[in-house]
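Here the structure comes first, spelled out in structure tokens, and everything after it is commentary.
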Amino acid sequence: MRHEEDAEFYDEARRARWLATGTGALLTLAGVAAALLRLTGPAPALVPAAYATGAAVCAAAALLGSRGRTRRALWLLIAGTMIMALGDQFD
């Protein structure tokens, strides 16, 4: 009985790590793409800088998620997305 509970716990932890890593990588790619698109357009310099900063925060979240720090990764994903959204408000 105890072995099944341990296996279930490790499966959940593995899924959480993969989810945090994958989401962080996806948001990082989206932020970098948005920064490059805004950099080539007539947007103020603050907009691509905000997207790039948000992407860097999401990349840090992906790194933390891959190391098992999923709670901290979640908060960094939220912060990175908010930074990108704030940058979008200046456009």
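The values are calculated or read from the model by the stated rules, or taken from the named source; none is laboratory data. Every value quoted in this text rests on a predicted model; they were computed, and no experiment measured them. Heads up, the Cβs are rebuilt from the backbone with ideal geometry, glycines too, and the neighbour counts pull from every protein chain shown.
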Problem set entry | Any chance Val32 is surrounded by 15 or more Cβ atoms within 10 Å (Cβ to Cβ), under 11 Å from the mean Cα position of the chain (by Cα), of a type in the set (A, V, I, L, M, F, W, C) and modelled with pLDDT of 95 or more | no
Exercise. With respect to Gly65, is the statement that it is part of a helix (DSSP H, G or I), at pLDDT 95 or above and surrounded by 22 or more Cβ atoms within 10 Å (Cβ to Cβ) true?
Worked result: no
For this session: Might you let me know whether the range 70-91 holds any residue that is of a type in the set (Asp, Glu) and either without any contact (Cβ under 8 Å) to a residue 24 or more places away in the chain or outside any helix (DSSP H, G or I) (or both)?
Result: yes
For this session: Count, please, the residues in the range 60-86 that happen to be among the polar types (S, T, N, Q) and more than 14 Å from Ala25 (Cβ to Cβ).
Result: 1
Exercise. Among Arg38, Arg14, which is surrounded by 12 or more Cβ atoms within 10 Å (Cβ to Cβ), at pLDDT below 95, among the basic types (Lys, Arg) and part of a helix (DSSP H, G or I)?
Worked result: Arg38
For this session: Please state which one of Ala55, Ala85 is surrounded by 13 or more Cβ atoms within 10 Å (Cβ to Cβ) and within 18 Å of the chain's Cα centre (by Cα).
Result: Ala55
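Okay, residues lined up against (1) closer than 28 Å to Ala16 by Cβ; (2) modelled with pLDDT under 95; (3) among the aliphatic types (A, V, I, L, M):
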| position | (1), (2), (3) |
| --- | --- |
| Thr28 | yes, no, no |
| Val57 | yes, no, yes |
| Arg69 | yes, yes, no |
| Ala79 | yes, no, yes |
